[in-house]
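The values are calculated or read from the model by the stated rules, or taken from the named source; none is laboratory data. Fair warning: this is a prediction, and the values are worked out from it, not measured in the lab. Cβ: placed from backbone, ideal geometry, glycine included. Neighbour counts: every protein chain shown.
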């Protein structure tokens, strides 16, 4: 008797493998799509806020508002990272969109401080570097876990050094922070690309797919923004006004 619905173990393994690859590719595509949309929203809000006298006066007339925006951004990142298992995919997506918009408001200072041409050229340099390291992280067979650990320790060092330099205002220290920052976020981009690829391969349902997509997008978004800001210190041209 012929059983047409019966699949041999070998064929079943190949089918499952193809399904995993398809899901992984779909998740990776969503990660970079959400990251791109987040960056576009941040740039749009930042540009609009920089060009609007009303928003500039509202945001920068009171230091408490700026502090509130920064605290809100940190709160969203911590909340997403710590509570992703309790949040729904739609809630996580909404928080990512909100974070991108709030970052745009604080990012408006970049548009006020630097010429648009230097911002554009720095963006393209950042995009090229980011793309190259993403491809490397995604395709390399090397385990980049050790790189991620080193980068995390370097990140703590940069944060502490930046806090110290807020009081010292040492130009050499700032230069050193910027150089290390470029190397740090370049390395983190490769590490996160590999980590997201591995996470995407373990997605089991639509809800976890949405969560991995958002968290992956957030990680890469933060790498891109910070790499851009570090490069802007070297490539940015201050506005005359």
query: Of the numbered conditions (1) in contact with a helix residue (DSSP H, G or I) (Cβ under 7 Å, 6 or more places away or on another chain); (2) more than 27 Å from residue 30 (Cα to Cα); (3) surrounded by fewer than 17 Cβ atoms within 10 Å (Cβ to Cβ), residue 168 satisfies every one except a single condition; which is it?
result: (1)
- prompt: Within segment 110-154, which residues are within 19 Å of residue 28 (Cα to Cα) and surrounded by 17 or more Cβ atoms within 10 Å (Cβ to Cβ)?
  reply: 129, 130, 133, 134, 137, 144
task: Go over the candidates 47, 114 one by one and state the one that is more than 30 Å from residue 199 (Cα to Cα) and touching a strand residue (DSSP E or B) at 6+ places or on another chain (Cβ under 7 Å).
output: 114
query: Exactly one of (1) closer than 20 Å to residue 84 by Cβ; (2) surrounded by fewer than 21 Cβ atoms within 10 Å (Cβ to Cβ); (3) more than 13 Å from the chain's Cα centre (by Cα) is unmet by residue 238. Its number?
result: (1)
Among the residues listed as 31, 23, the single one being in a helix (DSSP H, G or I), at pLDDT below 85 and either surrounded by 12 or more Cβ atoms within 10 Å (Cβ to Cβ) or more than 19 Å from the chain's Cα centre (by Cα) (or both): 23
message: Looking for something touching a residue at least 40 places away in the same chain (Cβ under 8 Å) and either under 20 Å from residue 26 (Cα atoms) or touching a strand residue (DSSP E or B) at 6+ places or on another chain (Cβ under 6 Å) (or both) - is there at least one such residue anywhere in segment 174-185?
response: no
query: Tally time: how many residues in segment 190-207 are over 15 Å from residue 36 (Cα atoms), assigned to a helix (DSSP H, G or I) and touching a residue at least 12 places away in the same chain (Cβ under 8 Å)?
result: 11
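Yes/no per residue for (1) surrounded by 14 or more Cβ atoms within 10 Å (Cβ to Cβ); (2) touching a strand residue (DSSP E or B) at 6+ places or on another chain (Cβ under 8 Å); (3) at pLDDT below 90:
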position	(1), (2), (3)
14	no, no, yes
64	no, no, yes
79	yes, no, yes
83	no, no, yes
108	yes, no, no
